1. Order these by the 10 Å Cβ neighbour count, fewest first: H201, H207.
2. Using only the Cα atoms, work out Rg/Rh for region 92-195, with Rh taken as the Kirkwood radius, to two decimals.
3. List every DSSP H helix in the chain whose Cα atoms extend 27 Å or more along the helix's own long axis and whose mean Kyte-Doolittle hydropathy is at least -1.0.
4. I need the shape label for the chain. Rule: rounded when a/c is under 1.5, else prolate if a/b > b/c, else oblate, with a, b, c from the alpha carbon gyration tensor.
5. Suppose the chain between D251 and A68 were pulled fully straight at 0.36 nm per residue; how much longer would it get relative to their current alpha carbon spacing?
6. Classify region 31-130 as rounded, prolate or oblate, taking a ≥ b ≥ c as the square roots of the eigenvalues of its Cα gyration tensor: rounded when a/c is under 1.5, otherwise prolate if a/b is larger than b/c and oblate if not.
7. Under the Karplus relation 6.51 cos²θ - 1.76 cosθ + 1.60, θ = phi - 60°, what is the ordered set of whole-Hz ³J(HN,Hα) values for region 103-118, x standing for Gly and Pro?
8. Given R₀ = 35 Å, what would the calculated FRET efficiency be for A142 paired with A167, taking r from the Cβ atoms and rounding to 0.05?
Amino acid sequence: MIIGTEELDAREQALVAVTREAGELARELFSKPIEVKLKGKQDYITEADGQVERMIISRLKARFPDDAFLGEEGGADGKSDRLWVIDPIDGTANFAHGIPHFCVSIAFMAGSELTLGAIAAPMYGELYRARLGRGAFLNDRAMRVTDTDIKQAVVELGWSSRRPVRAYTSLIERVLATGATFLRAGSGALGLAYVAAGRTHGYCELHINSWDTLAGLLMVREAGGWTNDFLGSDGLTRGNAVLACAPGLKDALVAATGVGQANEKLERRIS
Ligand code: LIP
């Protein structure tokens, strides 16, 4: 790892404090009337997204002025192999419609290694966190994925207008054909955290962005789950398909979703 333990300890501490504070700001803004715009088909942005992102970056920059940032709203900022990847409000469509299923998601990469992740779901009083090699926690209790038979599995299938409707409806058909059931709740970050917490058994989306996924992906891996190589083929800046699940469901869900088939590279690196 290109970063020392003490340096990572300082960033982990800052990450948890800033994520919690950002969650509180998002909760406060959720209770106020807010301006909502569309930046694409069913792709919402509110003034809260920008406000929360600016707060997060200013806090982290004050502690780590030489680090780089990649935010959903502000884009890339700075050049460094110490990179923060930020989604100020994941589940913005829910937030915009008064649905409390949204979160703040922040990940940290040291070089090409995903090393830290935190997610705050303020309306549920939940703080998720993970560190490479140190496990994943929900409100400081260790998280473990739940394995099950595919016929009893609950798989969340994320959707956005970035992929054709037909691709999504046939994904649903293929997953239902395995005997599993599906849901869509509108926040990819929380969807991945729920897999890590063992509440659901898998999360798949045909295209999603790195700021939505990185913190959750680290949590699933640290909670004993399997994920595809999301960062492969420039997933950091272009996004990618994502599949994360309990290890016993990997073969069935890789076959049904078509995500992760060319995944040998990642597995070698993990094992
Ligand atoms: C959302 C993701 C969700 C995806 C939406 C959108 P946002 O992120 O969490 O999984 O289906 O299209 O990308 O825009 O709320 O940060």
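1. H207, H201
2. 1.00
3. The answer, listed by residue number, is 5-30.
4. The shape class here is oblate.
5. Additional length available on full extension: 62.2 nm.
6. Prolate shape, in that a/c is at least 1.5 and a/b is the bigger ratio.
7. 7, 9, 10, 9, 10, 10, 10, 10, x, 8, 9, 7, 10, 9, x, 8
8. 0.45
None of the figures in this text is laboratory data; all of them are computed from the coordinates on show. Keep in mind that what you see is a predicted model, and the values were worked out from it rather than measured. Cβ sites come from the backbone with ideal geometry, for glycine too, and all protein chains shown count toward neighbours.
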